[in-house]
Amino acid sequence: MQDRTPEGREHGNLSHGRVIGIDVSRDWLDLHCLPDGHRVRVPNVPAGHAAVADIARDRDAIACFESTSGQEWQLWALLEAEGVAARQVPPAQVKAFAQSRGTGAKTDRIDAERIARFFVCRPEAGRMLPAENLRLLRALTSKRAQLVEMRKRLLAQIRAYKKLGTAAMFEDVDTDLKHRIDSLVKELEDRIARAIAGDDRLSETAGVLRSIPGIGPVASTMLIAEMPEIGTITGQEAAALTGLAPVAHDSGTLRGKRAIAGGRRALRHVMFQAALVAAHPNPSLRSFADRLRKAGKPHKVIITAVARKLVTIANALCKNRQKWTAATA
């Protein structure tokens, strides 16, 4: 009996190689259709999105594209609304796949083909479209992170001006600019808090995460927005998605140094910051860090290990829908 579920249709499409790789740029969508290699270019506008949906339906194909700083979101939402299976794939893995095939050239058309061929080989790497409330939350957290980075650069410039003796020339401008950025960050944080409070499931998840010593409003929001899979996957998978899982470099009798790689960079950065804090008030993590320190591990290795343990604890608590206690650590 033929499987007519969405998962069954997707697996059937993949078994026949019916995949459309899409290179998304600001103005254009370049399509590469497998298995026949048909190429199409359409504008990155609603009419172009509708054309992509028609092509995918006609071919009974799965559409896939890289994460491109949100430029793919409107296309992704329309495809899903039109009943077309669509998946987002990680750019770093597509790049590594291309390098493994010895292809160094790069154009929009070539990139579309790489994306399609990568997805045929690695369908499990594709991400499904998050719910609308999570897309809103991710947009808010991304904008907040952008403004926080602007503020860091401004403060660095102010310190540089002081060393040059020119700080007084720009004091009024810099003060006004900093106040404005502070105000915008606060406004976004209020919108983020309202978005979470307005959704019972997100609010419960945030409560679980905030109960863990060391995880504050920023880390809990980033975990929800950047890793919507939290609580539905294994601890090892959660660490890998965050880019905190150690990657082996062994060959024969040689045992190379383990290193982290890949993952969701914005979330990993926030978890590093959370680990610096969590290693003190969280007793289990503090003792864990102390054991590593006594074993002579470098500071960076310790913080990475603490961040990884923090993610796995958060994932386990979200899976069980229970708040942190010393006994569950």
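The values are calculated or read from the model by the stated rules, or taken from the named source; none is laboratory data. All figures in this text were calculated on a predicted structure; none of them were measured in a lab. Ideal geometry is used to build each Cβ from the backbone, glycine not excepted, and the neighbour counts take in all protein chains shown. Heads up: the accessible areas ignore ligands, DNA and RNA and are worked out on the full protein's heavy atoms, side chains in. Shrake-Rupley method; radii C 1.70, N 1.55, O 1.52, S 1.80 Å.
Once region 119-139 is narrowed to residues that are in a helix (DSSP H, G or I) and free of Cβ contacts under 8 Å to residues at least 60 places away in the same chain, the residue that is most open to solvent (accessible area, probe 1.4 Å) is GLU132.
Whenever a residue of region 214-235 is among the charged types (D, E, K, R), its partners that are crowded, with 17+ Cβ neighbours inside 10 Å, lying with C-beta atoms within less than 7 angstrom and at least six residues away or across chains, give the pairs GLU226/ARG138; GLU226/ARG264; GLU226/LEU267; GLU229/LEU241. Check region 97-104 and report whether any residue there is closer than 23 Å to ALA240 by Cα and loosely packed, with under 15 Cβ neighbours inside 10 Å. Scanning region 97-104, I find at least one residue that is closer than 23 Å to ALA240 by Cα and loosely packed, with under 15 Cβ neighbours inside 10 Å, so the answer is yes. Among the residues of region 177-197, those that are out of contact with any helix residue (DSSP H, G or I) (no Cβ under 8 Å at 6 or more places or on another chain) and open to solvent by 100 Å² or more (accessible area, probe 1.4 Å) comprise HIS179, ARG180, LYS186, ARG194. The residues of region 39-85 that are within 14 Å of ALA112 (Cα to Cα) and either among the small types (Gly, Ala, Ser) or within 15 Å of the chain's Cα centre (by Cα) (or both), listed by number, are ALA63, PHE65, GLU66, SER67, THR68, GLU72. For region 217-243, a residue qualifies if it is modelled with pLDDT of 85 or more and among the hydrophobic types (A, V, I, L, M, F, W, C), and the qualifying residues are VAL218, ALA219, MET222, LEU223, ILE224, ALA225, MET227, ILE230, ILE233, ALA238, ALA239. State which residue is nearest to the chain's Cα centre (by Cα) when the search covers only region 268-304 and only residues that are part of a helix (DSSP H, G or I), crowded, with 20+ Cβ neighbours inside 10 Å and among the small types (Gly, Ala, Ser). In this case the residue turns out to be ALA274.
Looking at the structure I just gave you, is VAL173 open to solvent by 30 Å² or more (accessible area, probe 1.4 Å) and closer than 15 Å to VAL270 by Cα? The answer is no for VAL173.
Quick one: would you say LEU164 is touching a residue at least 12 places away in the same chain (Cβ under 8 Å) and either among the aliphatic types (A, V, I, L, M) or over 19 Å from TRP73 (Cα atoms) (or both)?
Criteria not met by LEU164.
Among the residues making up region 86-104, those that are of a type in the set (Lys, Arg) and farther than 11 Å from PHE119 by Cβ are LYS95, ARG101. Looking at (1) modelled with pLDDT under 90; (2) part of a helix (DSSP H, G or I); (3) open to solvent by less than 10 Å² (accessible area, probe 1.4 Å), find the lone condition where ASN315 falls short. Answer for ASN315: the failing condition is (1). Filtering GLU204, GLU229 for residues that are among the acidic types (Asp, Glu) and part of a loop (DSSP other than H, G, I, E, B) leaves a single hit, GLU229.
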